[in-house]
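Reviewing the structure listed below.
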Amino acid sequence: MIFKADLHIHSVLSPCGDLEMSPSAIIAEAKSKGLNIIGISDHNSTRNALVTSKIGKNNDIFVLCGAEVTTKEEVHCLCFMPDEKSLLEFQNFLDSKYIFFQNDPDKFGYQLVVDEEENIVDQIDTLLINAIDCGIEDLQKKVYELNGIFIPAHVDKPRFSLSSQLVFIPDNLKFDALELSKHAEKNNFLQNFSWFSPNRFITSSDAHYIPDIGTVYTELEMETLSFENIRLALQNIKPR
């Protein structure tokens, strides 16, 4: 079977995410767009992932729970965990690596944790869009230690990507796929960075606003939906 997946979506927890990006609104839009799988990937925090997953289950949407982590090289990476226990451990790991800088909601945006009814249950004080005190290879090791999925994000972007920050892919860096932004073909990324070409790629929306969800997506082939089958499907994408 073919499943439509948009693995890069921000909620109201990301300061750059629109205040309409509540878990329930995200799931409603994903369902209306015919998506089967989404990834909740707020900046450096997983705290809205489980509630989104719970709503997703009631709407036949499989939710990968994780975060878009900014390494100390300022490379963005999508990191997804297989279960609630590993997600909590990963959040504790992120908490231990924060470099505290007070968030200014008027300048950067609100960072809200909400429940199923869209009630605000917490507001995060430390600015989540900053880099954490962890390099990309150490981050990858932690994700795989927890049996997670690791995807360097929007590798074609001129900021916060492997190509912009490191130019190359480190020899020791393991990943399940690389993510291209919806602008990758326009900027001829794979022609300009040909050494990235022999890899597996997904494309995601990086949605910060409701209408952006599902504007681009990846088709994954598997018999049944599960975290492990998603991992295997990512690893079986034909290299470009």
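The values are calculated or read from the model by the stated rules, or taken from the named source; none is laboratory data. All of these numbers come straight from a predicted model, not from anything done at the bench. Backbone-built Cβ (ideal geometry, glycine too); neighbour counts: all protein chains shown.
One table, with the values for the structure above:
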read-out: Residue list for segment 212-225, filter: within 30 Å of Glu20 (Cα to Cα) and either buried (at least 20 other Cβ atoms within 10 Å of the Cβ) or touching a residue at least 12 places away in the same chain (Cβ under 8 Å) (or both); value: Ile213, Gly214, Thr215, Val216, Tyr217, Thr218, Glu219, Leu220, Leu225
read-out: Any chance Asn130 is modelled with pLDDT of 95 or more, surrounded by fewer than 15 Cβ atoms within 10 Å (Cβ to Cβ), over 16 Å from Phe175 (Cβ atoms) and of a type outside the set (Asp, Glu); value: no
read-out: Condition broken by Thr203, with the remaining ones in (1) buried (at least 17 other Cβ atoms within 10 Å of the Cβ); (2) free of Cβ contacts under 8 Å to residues at least 40 places away in the same chain; (3) more than 27 Å from Ile61 (Cα to Cα) satisfied; value: (3)
read-out: Output for segment 196-220, where each listed residue is at pLDDT below 95 and out of contact with any Ser or Thr (no Cβ under 9 Å at 6 or more places or on another chain); value: Ser197, Pro198, Asn199, Arg200
read-out: Test set (1) touching a residue at least 60 places away in the same chain (Cβ under 8 Å); (2) surrounded by 24 or more Cβ atoms within 10 Å (Cβ to Cβ) - Asp18 fails condition number; value: (2)
read-out: Selection status of Glu84, more than 21 Å from Tyr217 (Cα to Cα), at pLDDT 95 or above and surrounded by fewer than 16 Cβ atoms within 10 Å (Cβ to Cβ); value: yes
read-out: Tabulated pairs, segment 109-137, first among the charged types (D, E, K, R), second surrounded by fewer than 17 Cβ atoms within 10 Å (Cβ to Cβ) and part of a strand (DSSP E or B), C-beta under 7 angstrom, 6+ apart or interchain; value: Asp115/Val121; Asp125/Gln102
read-out: Boolean, Ala49 is within 23 Å of Glu137 (Cβ to Cβ), buried (at least 24 other Cβ atoms within 10 Å of the Cβ) and at pLDDT 95 or above; value: no
read-out: Pair list, Cβ < 6 Å and 6+ apart or interchain, from segment 77-97 residues that are within 17 Å of Lys141 (Cβ to Cβ) to residues that are acidic (Asp, Glu); value: Leu78/Glu68; Lys97/Asp133
